[in-house]
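Comments concern the structure below.
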Amino acid sequence: MSEIYFDNGATTRAFPEVREIMMKVLNDEYGNPSSMHRKGYHAEQYLKEAGEIIARSLKVEPKEIYFTSGGTEANNLALIGTAMAHRRTGKHIITSCIEHASVYNPLSYLEEEGFEVTYLPVDGHGIVDLEALEAALRPDTFLVSIMCVNNEIGAVEPVAQIGSIVKKYNPEILFHTDCIQAYGKMKCFPKKWKADMLSVSGHKIHGPKGIGFLYIKEGTKIRPIIWGGNQQKGMRSGTENVPGIAGLGKAAELIYENHNDKIEKLREIKEHFICRVLAEIENVRDNSGEAPHIASISFPGVRSEVLLHALEEKDIYVSAGSACSLNKPGVSGTLKGIGLDKDCLESTLRFSFSIYNTVEETDVCVEALKELVPVLRKFKRR
């Protein structure tokens, strides 16, 4: 068997149709969408079509979709843009203790700018404490940002309940949800969730890297964070990445075709893998949430980086957490948040699956783990 790629939470292989439409745009439809001639018009049509595809998938209006350079920019725009728009009237933001770095770091910046941030606790499954949310809401709260699916363990947050709690307290408080690990893996309906903003990244759904979008409900009070030529109604200036946007639109279209079948396949792969690991390897812990594509397993007695590279030697690719923070030392806030002990904190791997994976690949991975884990436990430094 060739390489086995179980790091789809970090990035995915692009659909062939995505590559094809991007090459067509690069080769033939290379005009600037702001140009007034025919080449510009043709390029602009790709933006319009992608916006319509994405809007249909969310059951929103195309004018509420703003293209960004990816999920990180989308999250930054949602957080910093709303903070700048509300700085005279509100100072308080609520989030969870298990958010992605692209939410944490902008919030750290906003704290330096004088805003106050409340970090909600989660239970042992990574689910936000809703009573703590209710207690944290204040008259000066202007934004609540809670991810939909956690990127490390796959916990699925009760975003509809969160939206209802927030809007019941004060309809003017904005609710943003990071759906970068949710979009394509579940149906995402921001209006049903009472979400004012929703972030997505293209390379998590078999689209290209360097492209994403932010849904912004019409009428939301938010300021741009990138200034320039007033593209995208001035909300996100800069010549649009037409090949990337075309690829993103195609990926969004394809990921939701026969969607239930895709999700059923992911769940089958994940559940088969977890069942075998728990049954056939001693002293392991399953931290996995309800998301269909993410399995989080702790192997006490083996450092996660050591096991990761041992699997890599067998052409099996997994993650020791969020790929966006792997190069930074420190303990996972998510794993700490769910209460793992020190040994588990140091020994957890994420296995994230896509529709290109198979049950047979998980069997190969389990056999490799059965071989490696007992040996590596013998050599762990004391």
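Here are a few things to note about the model shown:
- Filter result for residue 180 (surrounded by 24 or more Cβ atoms within 10 Å (Cβ to Cβ) and either hydrophobic (A, V, I, L, M, F, W, C) or within 30 Å of residue 209 (Cβ to Cβ) (or both)): yes
- In the set 112, 157, 152, only one residue is among the acidic types (Asp, Glu) and farther than 24 Å from residue 320 by Cα; that residue is 112.
- When the residues of the stretch 3-49 are filtered to those that are among the small types (Gly, Ala, Ser) and within 27 Å of the chain's Cα centre (by Cα), the one that is nearest to residue 256 (Cα to Cα) is 14.
- All helices (runs of 4 or more DSSP H) inside the stretch 1-118 with 1 or more residues being touching a helix residue (DSSP H, G or I) at 6+ places or on another chain (Cβ under 9 Å) and among the basic types (Lys, Arg): 16-27, 38-58
- Options 212, 154; residue that is touching a helix residue (DSSP H, G or I) at 6+ places or on another chain (Cβ under 7 Å) and at pLDDT 95 or above: 212
- Listed conditions (1) modelled with pLDDT under 95; (2) closer than 19 Å to residue 10 by Cβ are all met by residue 343, apart from (2).
- Filter result for residue 54 (hydrophobic (A, V, I, L, M, F, W, C) and either open to solvent by 70 Å² or more (accessible area, probe 1.4 Å) or under 24 Å from residue 234 (Cα atoms) (or both)): yes
- From the list 209, 204, the lone residue that is closer than 29 Å to residue 42 by Cα, within 14 Å of the chain's Cα centre (by Cα) and surrounded by fewer than 18 Cβ atoms within 10 Å (Cβ to Cβ) is 209.
- One residue stands out among those in the stretch 134-171 that are of a type in the set (S, T, N, Q) and more than 20 Å from residue 186 (Cα to Cα): the one that is surrounded by the fewest Cβ atoms within 10 Å (Cβ to Cβ), which is 170.
- Meets criteria (charged (D, E, K, R), surrounded by fewer than 21 Cβ atoms within 10 Å (Cβ to Cβ) and either in contact (Cβ under 8 Å) with a residue 24 or more places away in the chain or part of a loop (DSSP other than H, G, I, E, B) (or both)) for residue 131: no
- If you go through the stretch 328-348 and keep only what is out of contact with any strand residue (DSSP E or B) (no Cβ under 6 Å at 6 or more places or on another chain) and either among the polar types (S, T, N, Q) or closer than 16 Å to residue 276 by Cα (or both), you end up with 332, 334.
- Members of the stretch 81-101 found to be over 22 Å from residue 135 (Cβ atoms), modelled with pLDDT of 95 or more and open to solvent by 10 Å² or more (accessible area, probe 1.4 Å), listed by number: 84, 85, 100, 101
- Checking each residue in the stretch 254-280 for being open to solvent by less than 80 Å² (accessible area, probe 1.4 Å) and among the charged types (D, E, K, R) picks out 262, 265, 270, 276, 280.
- Among the residues of the stretch 78-92, those identified as within 13 Å of residue 114 (Cα to Cα) and of a type in the set (Gly, Ala, Ser) are 83, 90.
- The set of residues from the stretch 293-305 being part of a loop (DSSP other than H, G, I, E, B) and open to solvent by less than 10 Å² (accessible area, probe 1.4 Å) comprises 293, 299, 302.
The values are calculated or read from the model by the stated rules, or taken from the named source; none is laboratory data. This structure is a prediction, so every number in the text was calculated from the model and none was measured. Don't worry about glycine lacking a Cβ; one is built from the backbone with ideal geometry, like all the others, and counts go over all protein chains shown. These accessible areas exclude ligands, DNA and RNA; they are computed on the full protein's heavy atoms, side chains included. Shrake-Rupley method; radii C 1.70, N 1.55, O 1.52, S 1.80 Å.
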